[in-house]
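Comments concern the structure below.
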Amino acid sequence: MISLHYESRFGLARGALCIDGQPHLYVEGYEFNQSLTMVNVRLVARLKSKAGGLAFVALADGSEAVLDVPQEVFAKLTEGTALEVEIIAESRVEKLARARLIGPATGEPRRISPVQSLKDRLLARAAELGEHVESIIDFDILDAAEDAALNPSGPLPGGGYLSVERTRALIACDVDSAGGEGITTPKAFAKACNERAVSDIGRRLRLSGLAGLIVIDLIGKRHDAARLHSLLRAGFGPEADKLIIGPVGKFGTLEFVRPWGATPLMDTIRSPVRAAHLLLREAIKRAEGEPGRLLTLRAPAAVLDIIRPLLAASHDPLSAIIRLQAAVKSEVIVT
């Protein structure tokens with residue numbers, strides 16, 4: 001069963017998709033995000049420049065994206081040309097968003113895709129799995145999904161531990177034989193841990209948003225490659241066809257490539273939007289514990305600039321008892 005856990009307040013929202021109680025996807029941000037560099041957004045852009053075999057397009061909001069285009073088409077592109085493109089990967093640390101070329105276009109740069117709510121985007125992802133979705137509000141599950149998105153390392157169901165660490169070049173994963181249930185021999189234990197890790201890595205990467213070259217350091221050096229490949233594909237579900245999977249190496253590593261998509265949540269830790277969201281969530285909790293009291297939200301100016309228009313546009317009853325105050329550190333003061 002797929003369950004959707006979702007909350008929205010003050011124009012900011014977060015949601016998680018769970019399968020049989022386990023979180024598989026977590027998203028947060030503006031309830032209606034008008035960003036032009038979100039995955040699957042179609043728009044008209046202008047070719048800004050070509051350099052070193054790369055093409056760059058300018059979007060309507062002044063941002064840029066790298067254009068994925070075949071070399072035979074690249075040579076024919078002229079700077080200033082209007083193009084219809086689709087965002088296939090969002091920006092991340094030191095990386096621009098990437099777009100694929102759909103074809104020629106006319107007119108000024110603009111968005112073509114309608115703006116969807118965060119909930120509708122989650123429901124669209126759930127529909128890819130082809131199962132019924134049940135809407136439930138469980139804040140503990142939302143918090144657990146958020147924590148897992150920020151830290152994909154953790155114990156494996158039934159025993160073992162999978163570490164997932166991001167480096168500049170790749171995502172390094174290590175399978176460890178920490179604990180176990182019902183495993184009688186070291187060889188059987190190692191085999192079970194490897195299979196659990198390969199089966200669960202898809203869920204963890206989807207939650208965290210990590211992609212690119214993935215290297216899994218398996219326990220031992222002799223493996224049933226066909227079975228591991230099968231478990232890996234099953235764990236990714238409908239996304240499996242996008243993977244490029246290599247053979248199990250002689251040093252006991254399984255390597256594959258997962259295309260980048262949404263910005264990893266860990267890349268947004270210092271963003272003003274996330275800081276504003278966390279501060280408002282804390283204010284809501286404090287208001288529930290001490291109803292009727294005045295709430296002062298203290299935060300840096302960049303964070304308050306996010307919160308101020310959200311409060312002005314909101315009909316939430318808490319808006320009337322919230323005051324904003326500039327400060328170096330974000331905190332909620334109850335008076």
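The values are calculated or read from the model by the stated rules, or taken from the named source; none is laboratory data. Predicted, not measured: the structure shown is a model, and the values here were computed from it. Cβ placement follows ideal geometry from the backbone for every residue including glycine, while neighbour counts extend to all protein chains displayed. SASA here: full protein model, heavy atoms, side chains in, ligands and nucleic acids out. Shrake-Rupley method; radii C 1.70, N 1.55, O 1.52, S 1.80 Å.
Picking from residues in the stretch 58-67 that are open to solvent by less than 50 Å² (accessible area, probe 1.4 Å) and assigned to a strand (DSSP E or B), the one that is nearest to P109 (Cα to Cα) is A58. Of the listed requirements (1) among the basic types (K, R); (2) closer than 25 Å to G212 by Cα; (3) within 24 Å of the chain's Cα centre (by Cα), R9 misses just one: (2). Evaluate the stretch 7-17: report whether one residue or more is at pLDDT 95 or above, touching an Asp or Glu at 6+ places or on another chain (Cβ under 6 Å), under 23 Å from R203 (Cα atoms) and in a strand (DSSP E or B). Among the residues of the stretch 7-17, at least one is at pLDDT 95 or above, touching an Asp or Glu at 6+ places or on another chain (Cβ under 6 Å), under 23 Å from R203 (Cα atoms) and in a strand (DSSP E or B), which makes the answer yes. Within the span defined as the stretch 69-85, every residue fails to be among the aliphatic types (A, V, I, L, M), closer than 30 Å to G154 by Cα and either touching a His at 6+ places or on another chain (Cβ under 9 Å) or part of a helix (DSSP H, G or I) (or both).
Total residues in the stretch 82-134 satisfying the condition of being open to solvent by 70 Å² or more (accessible area, probe 1.4 Å) and among the basic types (K, R): the figure is 6.
Is the stretch 49-57 home to any residue that is among the small types (G, A, S), surrounded by fewer than 21 Cβ atoms within 10 Å (Cβ to Cβ) and in a loop (DSSP other than H, G, I, E, B)? Yes, the stretch 49-57 contains at least one residue that is among the small types (G, A, S), surrounded by fewer than 21 Cβ atoms within 10 Å (Cβ to Cβ) and in a loop (DSSP other than H, G, I, E, B).
Comparison of G220, G158 shows that the only residue that is without any contact (Cβ under 8 Å) to a residue 60 or more places away in the chain, closer than 20 Å to A145 by Cα and either open to solvent by 30 Å² or more (accessible area, probe 1.4 Å) or within 28 Å of the chain's Cα centre (by Cα) (or both) is G158. Consider the stretch 277-330 and keep the residues that are within 21 Å of Y30 (Cα to Cα) and of a type in the set (D, E). The one that is most open to solvent (accessible area, probe 1.4 Å) is D305.
Which of the residues belonging to the stretch 68-81 are under 32 Å from the mean Cα position of the chain (by Cα) and open to solvent by 80 Å² or more (accessible area, probe 1.4 Å)? Residue satisfying the conditions is Q71 alone. Residue under question is V39, and the condition is that it be surrounded by fewer than 21 Cβ atoms within 10 Å (Cβ to Cβ) and within 20 Å of G261 (Cβ to Cβ); does it hold? Answer is yes for this residue.
For the stretch 286-302, a residue qualifies if it is under 13 Å from I322 (Cα atoms), in a helix (DSSP H, G or I) and not aliphatic (A, V, I, L, M), and exactly one does: R286. Within the stretch 27-48, being in contact with an Asp or Glu (Cβ under 9 Å, 6 or more places away or on another chain) and assigned to a strand (DSSP E or B) holds for E28, R42, L43, V44, A45, R46, L47, K48. Within this structure, I284 fails the test of being farther than 15 Å from G11 by Cβ and not charged (D, E, K, R).
Each row is one residue, and each column tells you yes or no for (1) assigned to a strand (DSSP E or B); (2) touching a residue at least 60 places away in the same chain (Cβ under 8 Å).
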| position | (1), (2) |
| --- | --- |
| R206 | no, yes |
| L213 | yes, no |
| H229 | no, no |
| L232 | no, no |
| F236 | no, no |
| A240 | no, no |
| P247 | yes, no |
| V257 | yes, no |
